[in-house]
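The values are calculated or read from the model by the stated rules, or taken from the named source; none is laboratory data. Source: prediction; values computed, not measured. Glycine also receives a Cβ, built like all others from the backbone with ideal geometry; neighbour counts cover every protein chain displayed.
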Amino acid sequence: MKLYIAVGTAVLLVMAIFIIVFVAYYQQKQIRQQLILKEWQEKYRKGLLAATLQAQEHERRRIAQDLHDEIGTMLSVTKLSLNQLGRTVEHNDPGSTVLVQKTRSLLDETIANVRRISRDLVPTTLERFGLVSALEELAEKASNGEVHVELSCSDKMPTLLPQLDLTLFRIAQELINNAIKHANAENIIIDLHCQPNGVLLSVIDDGRGFDLDEILKDKKRGLGLRNIESRLNVIDGHVTFDVEEGRGSRIHIQVKNLKPEVEVEVEAV
Amino acid sequence: MLDHPYISLILKYPDSFLPDLFLLLAIGAGLVNYSFLDRPSRWLFRMLVLSLVISLIQLHDAAYRQNNTYLHNLNSLVEMGCFAAAYRIELKARSNQVIVFTGLGIYLLVFLNDFSWTRIAGVTLGVERIVMIVYALLYFHYILARMQVQNLLIHSMFWVSAGAIVHAAGTLFVFLFVKVTLGDLSSNGSYALYITIVRTFSAFFYIILGFSFCIRRREFRLAERFTV
Ligand SMILES: Nc1ncnc2c1ncn2[C@@H]1O[C@H](COP(=O)(O)OP(=O)(O)O)[C@@H](O)[C@H]1O
Ligand SMILES: [Mg+2]
């Protein structure tokens, strides 16, 4: 009897220890697999996002091209025939000359607008002369009698990956638009600084500010701000909103200038 | 001073107070980390405190040569109750809670039938161990099915279950066949052997419980970092 008890106890103990070891081992293995799966999903999500952004740029480029090449050409041709028409009218019906003049100036304005829109759709300056020039141009265009936009940047900017350039430019565009549209700001400063292995872009305005939490709570609002975050997600960047109602907003974008995981090719026009 | 009944008892049978020493240590560990304990761990802490109280009464009874075997049985009831409470909170699935309550119910039925003032209720203690093993297995199944614990090795309930299953497996047969093992005090010294086994496993279990209280602190910190 005593032998049975001893053997039984020993068997039970061995089984218990086996179960414990098995549970610990198996659980850790499963957790590791879960982690791998999660990483993979994250990568996939980023890839998808990058593809979406790339498709967006492609589409813009296509629209810009169509506008410039087709509508632009048509308008030029229209202007030519209008000029001919003008000469005929001047001979036969001098009373209508004013009307022709008016039409011509409307047409000129339309041509200029089409040019501007197609140029805005594709950041040509960015691709040709780099981020600093593009931001300078942006600041210049945005400045008018009411707002003053200023760019301050460190002397030596490292060359960035094209994808980073484009992302930073689009973000700066959105932030400046916001500052002009919503903040009622008088002065806007774009600040571009290099950091050890990265870049810091800040957009600072002296407008009325806003409550970020409130905006993000509403799913329908804040699309622009959300877009900034998804753009940064693709390149492992980081945004800090130093904002508050009643004072100017300071928004800081931080990106690493390293080789990223997801490649997005930016084609030349 | 030395001839006080308590002291002389301890001096006479020092090894029988080994589990109590570790019980004290475990309670100390629980006190130090008390603010980090979650609800299941608090139930286990309560169990230890009650066990200590029972142990003190046992010491008193033994010192004045009164019967104290019924306290063994009461201690088993306390252990079972607190254990069931801890697992009921930890196992969040409805079906698991039903099993926890069923186990407790069976134990209580056996306890009521088997309870005795003057002998160790071996069957009750045996059933307590079986139910403990069931709880521990249930818990293992639960964590394997849920996969929510990130690092099992610093998860206190895993260690509690591991300690419980080892403790229960080691002492199950000793209590199920209590007549053979702890029944005859006189004969060829088997009582001494088996009571030593029981004490060793109890001491081991108390160590594990104390350890589980200590790792609660780490797990708590980790959880805090993840949620911030
Ligand atoms: N610089 C800013 N100053 C004040 N309010 C701002 C600023 N930027 C954003 N906001 C507020 O946040 C809201 C969301 O901005 P955004 O996501 O860019 O969407 P949208 O520009 O399309 O309205 C705006 O409607 C505005 O109320
Ligand atoms: Mg906007």
Review point. Does region A:198-209 contain at least one residue that is assigned to a helix (DSSP H, G or I), away from chain B (no Cβ under 14 Å) and within 8 Å of ligand 1 (Cβ to nearest atom)?
Key: no
Practice item. Output the number of residues of region A:138-148 satisfying the condition of being within 16 Å of ligand 2 (Cβ to nearest atom) and either of a type in the set (S, T, N, Q) or closer than 26 Å to A:ASP211 by Cα (or both). Key: 2
Review point. Condition test on A:ALA10, is it within 14 Å of chain B (Cβ to nearest Cβ) and over 49 Å from the mean Cα position of the chain (by Cα)?
Key: yes
Review point. Scanning for something surrounded by fewer than 16 Cβ atoms within 10 Å (Cβ to Cβ) and within 14 Å of chain B (Cβ to nearest Cβ), does region A:38-50 turn up at least one residue?
Key: yes
Point to revise | Criterion (surrounded by fewer than 12 Cβ atoms within 10 Å (Cβ to Cβ) and within 16 Å of ligand 2 (Cβ to nearest atom)) met by exactly one of A:LYS102, A:LYS181, A:LYS156 | key: A:LYS181
Review point. Restricted to region A:164-183, and to residues that are more than 8 Å from ligand 1 (Cβ to nearest atom) and among the polar types (S, T, N, Q), which residue is nearest to A:ARG221 (Cα to Cα)?
Key: A:GLN173
Practice item. Residues being crowded, with 24+ Cβ neighbours inside 10 Å, more than 10 Å from every other protein chain (Cβ to nearest Cβ) and farther than 24 Å from B:ARG221 by Cβ: count how many of those fall in region B:132-169. Key: 2
Point to revise | Residues of region A:209-224 that turn out to be within 13 Å of ligand 2 (Cβ to nearest atom), in contact (Cβ under 8 Å) with a residue 40 or more places away in the chain and surrounded by 17 or more Cβ atoms within 10 Å (Cβ to Cβ), as a count | key: 0
Point to revise | Among the residues listed as B:ALA121, B:ALA84, the single one being touching a Phe, Trp or Tyr at 6+ places or on another chain (Cβ under 7 Å) and free of Cβ contacts under 8 Å to residues at least 60 places away in the same chain | key: B:ALA121
**Study point:** region A:13-37, subset more than 7 Å from chain B (Cβ to nearest Cβ) and under 41 Å from the mean Cα position of the chain (by Cα), residue nearest to B:LYS179 (Cα to Cα)
**Key:** A:LYS29
Exercise for review: Look through A:LEU164, A:LEU175 and report the one residue that is away from ligand 2 (no atom under 14 Å from the Cβ), under 23 Å from A:GLU127 (Cβ atoms), in the same structural domain as A:LEU138 (by TED's automatic domain parsing) and buried (at least 20 other Cβ atoms within 10 Å of the Cβ).
Suggested key: A:LEU164
Exercise for review: Give the residues of region A:133-153 that are in a helix (DSSP H, G or I) and either in contact with a helix residue (DSSP H, G or I) (Cβ under 6 Å, 6 or more places away or on another chain) or surrounded by 15 or more Cβ atoms within 10 Å (Cβ to Cβ) (or both), sorted by residue number.
Suggested key: A:SER133, A:ALA134, A:LEU135, A:GLU136, A:GLU137, A:LEU138, A:ALA139, A:ALA142
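Based on this model, can you work out whether B:LEU9 counts as under 19 Å from the mean Cα position of the chain (by Cα) and at negative phi?
When the stated conditions are applied, B:LEU9 does not pass them.
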**Study point:** Tally of residues being over 19 Å from A:ASN113 (Cβ atoms) and in contact with a Ser or Thr (Cβ under 7 Å, 6 or more places away or on another chain) across region A:61-103
**Key:** 2
Check your understanding: Among the residues of region B:27-43, is there at least one that is in contact (Cβ under 8 Å) with a residue 24 or more places away in the chain, of a type in the set (Asp, Glu), surrounded by 17 or more Cβ atoms within 10 Å (Cβ to Cβ) and more than 27 Å from B:LEU193 (Cβ to Cβ)?
Key -> no
Check your understanding: Considering A:THR97, A:THR124, which residue is out of contact with any Asp or Glu (no Cβ under 8 Å at 6 or more places or on another chain) and at pLDDT below 90?
Key -> A:THR124
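Condition (residue is loosely packed, with under 11 Cβ neighbours inside 10 Å and touching a helix residue (DSSP H, G or I) at 6+ places or on another chain (Cβ under 7 Å)) applied to region A:1-19: is it met by at least one residue?
Taking every residue of region A:1-19 in turn, at least one turns out to be loosely packed, with under 11 Cβ neighbours inside 10 Å and touching a helix residue (DSSP H, G or I) at 6+ places or on another chain (Cβ under 7 Å).
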Review point. Which of the residues spanning region A:227-254 are within 16 Å of ligand 2 (Cβ to nearest atom), assigned to a strand (DSSP E or B) and closer than 14 Å to A:VAL199 by Cβ?
Key: A:VAL239, A:ILE253
